[in-house]
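Data block below; observations after.
Readers should treat all values here as calculations from the given coordinates under stated rules, not as data from a laboratory. Since this is a predicted model, take the numbers as computed values, not measurements. FYI the Cβ positions are ideal-geometry reconstructions off the backbone, even for glycines, and counts take in every protein chain you see.
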Amino acid sequence: MELADLEKIVAGGESETVEFKKSTAQLPRTGETLCAFLNGQGGRVFIGVTPEGKIVGQQVADSTLREVAAMLARFEPPSLISQERLRLLNGSEVLVLSAPALAGSGPFTFEARAYQRVGSTTSAMPQARYEALLLQRAHGHSRWENAPAAGVSLKELDREEILRTVRLGIEAGRLPESTGRNIGDILDRLRLRKDGQLLNAAVVLFGKESVFDYPQRQLRLAWFKGTDKSEFRDNRQMRGHAFALLDEAMTFLHRHLPISGRFEPERLERIDELLFPTAALREALVNALCHRDYSVYGGAVNVAVYDDRTEIWSDGTLPFGLRPEDLTREHSSHPRNPFITEVFYRRGLIEQWGRGTNKIVALCVNAGLPKPEFGQQAGSVFVRFWPAARPVTAQVTEQVTGEVGPQSATQSATQSSDPVVRLLCLLQQREKSSGEMRNALGVKHRPTFRKNYLHPAQQRGFIEPTIPDKPQSRLQQYRLTDKGRAWLSARATGAGSSVAAAKSSVKTTS
């Protein structure tokens, strides 16, 4: 460091990473500040500069250096704090002690006490913060996700899902194009294998449904009648790897949440949208799958759809001192499962570290909805989505206005819980590829799309491929058959008749 550099730093004054001490007579306070720097963002103490910013220097003898060394020996755990001596024109020196930022290595103590830096002030660290740092240090080395997956072999992982992750990672620019197709090499690159041994994270991300020793790889889905849990309309449980669970959950939400349609200028196709933004729901599910506590042996991600709200719950409390209110503002990212989270990121399902919950809020607010509610209760974290207004059922409308609200044939079909109906509605305007249909329906998992949507529609003769003699062609698309159009039309006519009958019934009894 040159004198000009020192003068520039001093001109900036004390800060979260800079402290001035007039002389080594203040070594005990110097140690406290260095301890605070180690527990924070790092920083430097300049001995020979007054708190007012005057560079005075001091004589640095061998005894001075011994005193400094004795002070540095009182840190626990021991830390490498560098020393630099800067000679001034008057022959005195400024001693610069630099503490590195050592996130995950703390908490550090000086003379058996921990300190923290808040702005330009050093203070004793609260007990809660000290315990959180202890947990963070242990978490960096020993976590459930980086423990060996005893007895699990490569053949028990979903090879196609691993290769799909590589393809999506390359497309997102988050994996190099040189990434090969060797499954072992891919897992090593993703840090899911150590010394040839699969880790628990690999089973969560890619383990086949047949891996029975991991009951926490579970998804619970429920659609309730009313606003409490007294009566089910639909109730499902399934196990599998994280990406299959994500797609199953999105399919369930698309099946049971109301859908509205709108048209935009210059577009022939109607735009169908869920009650809540699809991207916000997917982000909430990704957060639940990435950050839940997988050490809870019987744990799960839970999705609950009520008449007045939708909730997503995951086992485990918020890590490292985070509070629910922190999730709706800028906050640091400390993932509970960094290996699992990194694979979601490389696959393109996470856009930016530490921004997921803020993105959920922004998407809902931009859609004219209330801010989602984040909380934790009974050892679980939840996000609760509220609609813009409490939904009004046809029965309530009848009581208030004496009429049953009409709905178009397309709207009636699109709001159906039948996946085949939803698929046929998409094809009413024009033919579409499999990828286009999956994107429109919010179903990214190809096996789920084929099982629940495509194959049933084909088997019933409602749709047909545009290139029947080349079923695997990259140009392949699907269109409605005459049978499919007739079936949709008959279904819509039936819905219209029901509405008309209801209207007639209301007028007759009034």
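Points to keep in mind about this one:
- Subset of 432/470; 22/54; 225/451; 21/54; 155/194; 208/451 violating a 19 Å alpha-carbon distance limit: 225/451
- Order of 109, 165 under a 10 Å beta carbon neighbour criterion, fewest first: 109, 165
- DSSP assigns beta bridges within region 3-141; of those with both partners inside it, close to 85 percent run antiparallel.
- Shape metrics for region 1-119, restricted to C-alpha atoms - Rg then Dmax, Å: 13.6, 42
- The HN-Hα couplings worked out from phi for region 440-450 by the Karplus form 6.51 cos²θ - 1.76 cosθ + 1.60 (θ = phi - 60°) are 5, 8, x, 10, 8, 7, 4, x, 5, 5, 5 Hz, whole numbers, x standing for Gly and Pro.
- Region 86-116 and region 1-52 have Cα centres lying 8 Å from one another.
- Whole-Hz Karplus values for region 4-11 come out as 4, 5, 4, 4, 5, 5, 5, 4 Hz, taken residue by residue from phi with 6.51 cos²θ - 1.76 cosθ + 1.60 and θ = phi - 60°; glycine and proline positions read x.
- Neighbourhood charge, 15 Å Cβ-Cβ cut-off, centred on residue 379 and excluding it, Lys, Arg +1 and Asp, Glu -1: 0
- With K and R counted +1 and D and E -1, the other residues having a Cβ less than 12 Å from that of residue 86 yield a net charge of -2.
- Gain on full stretching of the segment that runs from residue 174 to residue 89 - 0.36 nm per residue minus C-alpha separation: 25.4 nm
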